[in-house]
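The values are calculated or read from the model by the stated rules, or taken from the named source; none is laboratory data. As the structure is a computational prediction, the values presented were derived from the model and not from experiment. Virtual Cβ from ideal backbone geometry, glycine too; neighbours counted across all protein chains shown. Protein only, heavy atoms only, side chains kept; ligands, DNA and RNA dropped before computing areas. Shrake-Rupley method; radii C 1.70, N 1.55, O 1.52, S 1.80 Å.
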Amino acid sequence: ERIHTFLSSIEHQSALTVAVNIAEENGDTIGLDGWKFVWRMIFDLRDFQLLSGGEGRRQHGHQNVMKESDPDLLSPEARDDFCQRMAQWDGDGYNEAEGGRPHKQQGMSLMSLVFGSSESLDGRKNGATPRSLHGKEEFLIWDDLASSDDDEEGEYTTSLANDTEYLSFPSERYRRMLSIGASFENQLVYERTMDPGEIGGVTGLERIDVGHSTPNSSRARVRQRLSQLVDFHALIAESRYLSEEGLSDTLNSLVEIISDSSKKTNISGASENGDKEALVELPLSPASEAFAEILLCEIALKNRDRFALIWNNILRAHYNSRLTYRPSHGDKEGHQPETIKLTPGIEKCVSGILRLCIWTSNGRDTSIANQVLSTLNILHPPLGALIWSPLELNLDKHLAEGLWRISRNVDGLSQIDAEGWGGILGLVEWCATRGGLRSKMDDQLGNLAEDDPSLQAFRSLHLILHAVELKDSLQAYRWPQIVRSVRCLVEAGERGHCPKLSIAGLDLLHVLHTRMETLAAKGDCAESQHLLSCWVPILEAICEPAEKSRNGSVRQQAISLLTDTLLDRHGSRIPVDRGLCEIMNNICIPLAGERITDLLSIPYDVQNDLEETLIELELCISLLFKPFLHHLKALISVKQEFIGIWISMLGIMTQLLGEESLSQSNEHNMHGALREDGAVTRAKLFQTTKELGSEHLRNAIMVLAAMGMLVDNDSDDSTNIISDGAQEISSVTWAAIGSIGYCKPYLEEWKSSACQ
């Protein structure tokens, strides 16, 4: 009945026109309560689908209040999909007590005076019974229009612009000179004149196109009437001229309306004595709550010169109260913590923070930019209180696109401090964990959607690390957080079967390694400890895909990168016993040994790319010996650690070259009949690996002998003074080589060469 009452009452429509125009012209004087009345009328208009969003707004010089000033964070396809999921989601955020119709209200508020009683809302979809007394939970999409009225309104506004040569409406300038009442009266007279049933020919020569008459729908007619008389967007635009007190009242009224609605206040009757000042307030619909969040952001962006005041006094507390994690009340066991369900209002609240971060990241005000960017931490755990329920309904793409738009402002980001970077890098890490989903538009493996969160996180991080303007902005203590983000990117590539993303993540780790050149160049004790604490996480992040990735190209890239990284001078600038030896014992040798074991144990009946297997075996052998020989002088200085490293290496080579691993004669005898199936090729590839492994082992023995660490224990030359360390290493080495079937024939030759 409320919509019917408003559509059929000129008095109610004129009252709304007067109220909104007073707010536009006297916003400083109506106070907090006055603004609350105005905003609630605007939200009721939105729910009644009486806020015009068509082309007619631009033709009459009015901007569309139902349109955000910034491009949507979602692509059109993603927006349609999100709205469909939101509409289909039967959330419980707006459930109220079931029961009969609401009690008749004894008091009257300004909204009741304008819109009538609150018994029901017109236009419920499919005649479904609402879950609450007011039925507003049916409205979910904040910028929706009446589906049957759009075409009518568009045709009508076109006729106003082109087909009213003799019956033209007063100009915009003339209407500004009229009073509100006179403008409303002129509009009614004009509509009556345009009604073909009311137009009578005088001479028969009048030019009247009856094909473009007023809209047939009363809703469309009233919406068009209000769009002519009220510039709703001026409530946003004219806020620039409000005093600080008036601006605070405007924004605080919106904040209070949102807060009251989020508490799901039930409809309460007025006092029995009929107090006319009793306020009957309906909860906002989900769509109007989203609209309120948008109005908050739009007004803030219109008052950029006073943004610091708005943020510190109003917006920061509002966003924190809506999105920050709140622990459970009391100490009762089993009590669930208070959380937030995803609603249209929450979506626009998150979008509002992102839009403000995008603007402040331009670098106009560094101090406020750091405060706003740090708020990004409340958009994701552990500070954020959002629950994705169901999992398919989330804001990951919103956050990812917002992150990318923030990261593109490299000039502004060069001026922010640690507080702002903490918010940005935290969002990078979160987005990197939320991606890795294959594109629905492409069935091929290895392709991710363009708006995939992990892909957006990679783009942002790639730009941040490669931008010259940001070279000195990221301090070294932030690198471990970046490393965690890259590890998440590599894992996302694994989930999405996208090796390109995993390899790109490894390239970012190499960039971080290169950035440490300045630390490696200093060489003092304090910096060596700092270098070690920053470098080890990078090495561990490279090692992880080398060990666990299902894709051979990713493993090869990781092993090769790890080998090259260890050959740089970083290793010579870190402590040997607590740094270099631990890296060899905990990263290099275990990784090479595990991969060699796995590659050698592949069953013969499993189809495998033997060329790829050979390449990976060669890379593992290089990882085992190249860093060892490169840092041999430093490793020898710590006797016990060196002996442990060398024994571990000999154990791996025994497995690779021993008789029980892959004997060429046994291979030929067992599978000689399978020549056509590739068994011989397999034997040749592993034979090549043995030759390469034995060559690396021989080179290591010659270098150790040249440094005096290997001697011939069986020699009778009493002139040679053999140290205890060399004696122990020599005994272990010759015993191990003697037990390796492939190398046993070369034992005496290697001994003689080493001892010359």
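Please find, within the range 323-364, the residue that is farthest from GLN415 (Cα to Cα) out of those that are surrounded by fewer than 18 Cβ atoms within 10 Å (Cβ to Cβ) and modelled with pLDDT of 80 or more.
THR324
Could you please tell me which pairs satisfy a Cβ distance under 9 Å, a separation of 6+ or placement on different chains, a first residue in the range 698-711 that is open to solvent by 60 Å² or more (accessible area, probe 1.4 Å), and a second residue that is part of a helix (DSSP H, G or I) and among the small types (Gly, Ala, Ser)?
ARG698/SER753; ALA706/ALA754
Of the conditions (1) under 24 Å from GLU517 (Cβ atoms); (2) in contact with a Pro (Cβ under 9 Å, 6 or more places away or on another chain); (3) open to solvent by 30 Å² or more (accessible area, probe 1.4 Å); (4) at pLDDT 95 or above, ARG555 satisfies every one except a single condition; which number is it?
So ARG555 meets the others, but not (1).
Every residue, every condition in (1) open to solvent by 20 Å² or more (accessible area, probe 1.4 Å); (2) of a type in the set (Asp, Glu); (3) touching a helix residue (DSSP H, G or I) at 6+ places or on another chain (Cβ under 9 Å); (4) at pLDDT 85 or above, yes or no:
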residue	(1), (2), (3), (4)
ARG2	no, no, yes, no
HIS12	yes, no, yes, yes
ASP33	yes, yes, yes, yes
PHE37	yes, no, yes, yes
ASP44	no, yes, yes, yes
SER52	no, no, yes, no
GLU55	yes, yes, yes, no
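Matching residues to (1) among the small types (Gly, Ala, Ser); (2) assigned to a helix (DSSP H, G or I); (3) over 25 Å from TYR477 (Cβ atoms); (4) at pLDDT below 90:
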residue: ASN394; (1), (2), (3), (4): no, no, yes, yes
residue: HIS398; (1), (2), (3), (4): no, yes, yes, no
residue: ARG405; (1), (2), (3), (4): no, yes, yes, no
residue: GLY412; (1), (2), (3), (4): yes, yes, no, no
residue: ILE416; (1), (2), (3), (4): no, no, no, no
residue: GLY420; (1), (2), (3), (4): yes, yes, no, no
residue: GLY423; (1), (2), (3), (4): yes, yes, no, no
residue: VAL428; (1), (2), (3), (4): no, yes, no, no
residue: GLY435; (1), (2), (3), (4): yes, no, yes, yes
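Looking at the range 550-604, which of its residues are assigned to a helix (DSSP H, G or I) and basic (Lys, Arg)?
Scanning the range 550-604 gives ARG555, ARG569, ARG573, ARG578, ARG595.
Within the range 397-404, identify whether any single residue is within 15 Å of the chain's Cα centre (by Cα), open to solvent by 40 Å² or more (accessible area, probe 1.4 Å) and farther than 14 Å from ARG355 by Cβ, and answer yes or no.
Yes, that holds for at least one residue.
So which of GLU281, GLU272 ends up being open to solvent by 60 Å² or more (accessible area, probe 1.4 Å), modelled with pLDDT under 95 and over 20 Å from LYS348 (Cβ atoms)?
Just a single option satisfies the conditions, and that option is GLU272.
Quick one: which residue in ARG573, ARG569, ARG515, ARG550 is under 28 Å from PRO453 (Cβ atoms), charged (D, E, K, R), open to solvent by 60 Å² or more (accessible area, probe 1.4 Å) and at pLDDT below 95?
ARG550
For the range 719-733, which residues satisfy the criterion of being modelled with pLDDT of 85 or more, surrounded by fewer than 20 Cβ atoms within 10 Å (Cβ to Cβ) and in contact with a helix residue (DSSP H, G or I) (Cβ under 9 Å, 6 or more places away or on another chain)?
Across the range 719-733, the qualifying residues are GLU728, VAL732.
The rows are residues; the columns are (1) open to solvent by 40 Å² or more (accessible area, probe 1.4 Å); (2) within 26 Å of THR565 (Cα to Cα); (3) under 21 Å from the mean Cα position of the chain (by Cα).
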site: GLU450; (1), (2), (3): yes, no, yes
site: LEU465; (1), (2), (3): no, yes, yes
site: VAL490; (1), (2), (3): no, yes, yes
site: GLY496; (1), (2), (3): no, no, yes
site: ALA504; (1), (2), (3): no, yes, yes
site: HIS510; (1), (2), (3): yes, yes, no
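Listed residues ALA492, ALA520; which is aliphatic (A, V, I, L, M), under 19 Å from ILE574 (Cα atoms) and either in contact with a Pro (Cβ under 9 Å, 6 or more places away or on another chain) or in a helix (DSSP H, G or I) (or both)? Working first, answer last.
Numbers: ALA492 fails: under 19 Å from ILE574 (Cα atoms).
Being aliphatic (A, V, I, L, M), under 19 Å from ILE574 (Cα atoms) and either in contact with a Pro (Cβ under 9 Å, 6 or more places away or on another chain) or in a helix (DSSP H, G or I) (or both) holds for just one of ALA492, ALA520, which is ALA520.
Can you tell me which residue is surrounded by the fewest Cβ atoms within 10 Å (Cβ to Cβ) among those in the range 70-87 that are modelled with pLDDT of 90 or more and of a type in the set (Gly, Ala, Ser)?
Here the answer is SER75.
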